[in-house]
Amino acid sequence: MTWQQTPEFVPLMVSAALCAGLGVFAWAHRRVPAAVGFVVLMASCAWWSFFYGLYRAATTLEAKLFLAQATQAGAIVVPLAWMIFTLQYTRHERWLTPGRIALVSAIPLLTLAMALTNPLHFQFWARFTLVPRRGYIQIDSLPAWGFWLHVGYSWALLSACVALLSVRALRSVRIYRAQAVAICVAALVPWVGNVLHVGRVVRFPANPMPFLFTLAGLVFFWAIFRLRLLDVMPVARETLVEELPDGVLVLDDGDRLLDLNPAARTLLGVDGDGWLGRPARELAPPLLELLDQARAEPRVRGRLELEGCAVDARVTRIHDERGAPAGRLVVLRDLSEREGALSLQRAYLDQLFEASPEAIALLDAGDHVLDVNGEFTRLFGYTAKEAVGRPINDLIVPPDLRAGGDEMTAQVMAGQRVGMETVRARRDGTPLDVYVTGSPVFVDGKQVAIWGIYRDISRRKAGERVRAELLEREREARAAAEAAGRRAAFLADVGTLLSASFDYGSSYRELARLAVPELADYCLIDVVEPDGGTRRVAVAHHDPAREATLIHDAVNPPDGDMDRRPVLRVVRTGEPLLVPEFTPEMQERLSHDERHRESFNRNGLRSFIIVPLTARGHTRGAITLSMSDSGRRYGPADLAVAQDMARRAALAIDNARLYREAQEAVRARDSVLGVVSHDLRNPLTAVFLNADAILHDGTLDLPPWVRDGVRMIVRSAEAMEHLIRDLLDVARIESGKLRIAAQPHDPGRLVLDAAELFTPLAEERGIHLVAVPPDRAPLVRADRERALQVFSNLVGNALKFTPSDGVITLGAALDGGAVRFWVRDTGAGIPETDFPRLFDTFWQGHARRDGAGLGLPIARGIVEAHGGRVWVESEVGVGTTFHFTLG
């Protein structure tokens, strides 16, 4: 490899050496703030200058490319190092996390990789060739986008650093502002130079950045020695010493004066620096004794008379970094003014002692009273004369709290400051809530007495007790409310569960399960037998494994002794029984046999309640709720809940019983109707056939009265068949088995067909029957035969109660989105009091005595089977209108 001597080589090597030297110096002072960042900055500047100098001196393309890449590594690291140093100096070290450093280093690493691999892609230098220029072998390079990415990113970092340093300079106080301005200048110079060089505003013979960063380092190096840039504390300490009101003298190991502050000059009466270097004993002879003592002890303190004034002098030994003695530090404090102020201060303290709003007692080392203030007298009733000399714990500590008072005294005597809330006694013996503070009193480092300070907190404690009582009441009320809520929810569950089943046999079992464990540890349910005795039908225990220990088949005979059989007493009298405490004597009296006694022992009965199951005036059984393992005892509130549960359960169980009886009645009715429909229709068929044969037999010459009798037989048979058909329809409707074959029909046609059926009968009775079909109405889905049956029942009722010359109107109209049909008459009308029962099966009003009372219920059943509804409007003396819809 050949080299050439360029003008920049020597300055660049000098720059590299300067940067390296500055870095070594900073590393030796790395404990100083921002020193580590400065070391990195100087190391990268030294690298840059060194390799850039070699790059300028190299003559081959391969050497220049390698050294250009090495130079670029330093150029890329310098802005990052400058950023790290700036953040450390401006006290933003918290930003220097590994993640953030990695993020900020991403672009520099990318550009460095591009520079190192440039021959593969030429995206950092688009052109990199050797050319002779000004008598030297130089490089003709053309920056590519990677180079400009590096430049732009470096400018951004340098701009941010300058901004941070400028803010620091503006916000600094006077003694730090020179430091911040110096570092701002050091940061601004290379940034401005780089802009001028890269922007070709100024044509430099070589890249000036290594020199500019070296210059910045020199500025910073000057700030280190001149302005103590990296060591803020010496500046602050020097200012503090200069402003101290106490005199400060610095002596070397031979007691020669090295420095003294203005206050010391004033105390010693000296001007100028003529005394520097001379023995301190010549300047202040009274110091001789203290200085001699300081040779044996690290710290010495004494009182001196200097220039006619009293001085408190302190001598402290100074050591160097290796721990060897390096000199003495003497601090002189003028006591002349302070001693004059002591009497005034003592007067202030005396007044403060007496005027204190808190009771204060001064105690000696033996806990005896030395003095008390006026508030102590007011609070406890003892005057100073009465209290002095007596132990404080004998004076105001109640006997039951004496141990705590002695312990507190011992802690304070051991040098601790103790405070606590407690109770103390007045002179008349009444208790007083106080906050006691015990504090030791020291004089020259020795404990000589105790302060006992007592603050009256009786009002606050009384308020706290009232609040505690209120909170306790609130807690009890909340607990009661929660218990009531749980019980209400339990009773609601009882009603819901029992109403969901009509099998009262299973209802007893579910009731027993519900009661455990909400109301009992175990539950027994007995029912009344027809002979008046009782039989157990359900048991439940909170422990399923112990349910077998309960007596499942217990029976109380009707002639049993009610005193020995409490369940029998409850079902006979209908009165509940509450036993809060089940005693051994009661157990012996109530045990029927050995099996019963063993059941009591196994389950550990402690308390029980027996409540009757009474509904509609009849007692159906009894519930026994028992407490054992839980240890709870029953009381009146539990009895009230048990009675409420029993009432609900009894009503639900009685409803289930009535429902079963109703179901059995319905089955019996359906059986009878089946017999009627089958066994009666056969004879009626024979009646119809034979009557028809008689009436239409031409060979018979029957008298008129005979023919009239036969016709009467036919009408009676038709009425009987109609009644049978109605009864069957009612049974189908009530059982939900009425079948509807719905098809689309014209509403007007249905009205006309119904009118046509009843016109002859209406004319026979002298009643006008009018049909009013709708003009336009949609088709309705209906079973035609059933719809005509509705019209038949309604028109039949109208014919019964409409007088001759009356009017019956059948019609239909579009009402909203549905078709409404109606049958209107001009009869006597229906009282409004009859409306609620008008559609009940077999019901007839006071004016309705003919018929079976099935027409209107059947009409309603048919309409509702279509998904429609039927209703009535009537006015007595005017007429009645029945309305209905079909779907």
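The table for this structure:
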{"read-out": "Accessible surface ranking that places the most exposed of Trp95, Trp705 first, with a 1.4 angstrom probe", "value": "Trp705, Trp95"}
{"read-out": "With every protein chain in place, segment 39-152: carbon and sulfur % of accessible area (1.4 Å)", "value": "72"}
{"read-out": "Built amide H within the under 5 Å cut-off of Trp125, gap 5+", "value": "Ala144"}
{"read-out": "Heavy-atom SASA rank of Arg620, Arg134 (probe 1.4 Å, accessible area, largest first)", "value": "Arg134, Arg620"}
{"read-out": "Amide H within-cut-off set for Gly621, under 5 Å, with H built and near neighbours excluded", "value": "Val528, Leu613"}
{"read-out": "Share of Cα-Cα pairs in segment 2-116 lying beyond 18 Å, as whole percent", "value": "57"}
{"read-out": "Solvent exposure, largest accessible area first (probe 1.4 Å, DNA, RNA and ligands not counted), of His368, His319", "value": "His319, His368"}
{"read-out": "Karplus-derived HN-Hα couplings along segment 360-368 (A = 6.51, B = -1.76, C = 1.60, θ = phi - 60°), whole Hz, x at Gly and Pro", "value": "10, 10, 9, 10, 7, 5, x, 6, 8"}
{"read-out": "Residues of type aspartates and glutamates that Lys446 reaches as a straight line, Cα spacing below 18 Å, ignoring anything fewer than 8 places off in the same chain", "value": "Asp364, Asp367"}
{"read-out": "Estimated Rh, segment 582-642: Kirkwood, alpha-carbon pairs, angstrom", "value": "13.1"}
{"read-out": "At 1.306 mPa s and 10 °C, Stokes diffusion of segment 508-634 via Kirkwood alpha-carbon radius, µm² per second", "value": "109"}
{"read-out": "Simple spin-label estimate for Ser591 and Arg133 in nanometres, 7 Å along Cα-Cβ", "value": "12.2"}
{"read-out": "Estimated FRET transfer efficiency (Leu244, Lys446; beta-carbon r; R0 25 Å; 0.05)", "value": "0.30"}
{"read-out": "Cβ-derived FRET efficiency at R0 41 Å, Ala324 paired with Leu96, nearest 0.05", "value": "0.65"}
{"read-out": "Sites Phe835 and Ala481 - FRET efficiency at Förster radius 35 Å, r taken between beta-carbons, to 0.05", "value": "0.20"}
{"read-out": "Near-label residues of segment 118-155 by backbone N, under 11 Å of a point 7 Å along Cα→Cβ of Thr59", "value": "136-137"}
{"read-out": "Phi-based couplings in Hz for segment 651-661 (Karplus 6.51, -1.76, 1.60; Gly and Pro marked x)", "value": "5, 5, 5, 5, 4, 4, 5, 5, 5, 4, 4"}
{"read-out": "Accessible surface of Trp47 - all protein chains present, 1.4 Å probe, nearest 10 Å²", "value": "120"}
{"read-out": "Rounded accessible area of Phe801 (nearest 10 Å², 1.4 Å probe)", "value": "60"}
{"read-out": "Contour excess over end-to-end distance, with Cα ends at Asp259 and Phe122 and 0.36 nm allotted per residue", "value": "42.7 nm"}
{"read-out": "Rounded to the nearest 10 Å², the accessible area of Lys446 at probe 1.4 Å", "value": "140"}
{"read-out": "Volume of the Cα convex hull of segment 79-161, divided per residue and given in Å³", "value": "112"}
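The values are calculated or read from the model by the stated rules, or taken from the named source; none is laboratory data. This structure is a prediction, so every number in the text was calculated from the model and none was measured. When we count neighbours, we look across all protein chains shown, and the Cβ atoms used for this are built from the backbone with ideal geometry, even at glycine. Side chains included, ligands, DNA and RNA excluded: accessible areas come from the protein's heavy atoms. Shrake-Rupley method; radii C 1.70, N 1.55, O 1.52, S 1.80 Å.
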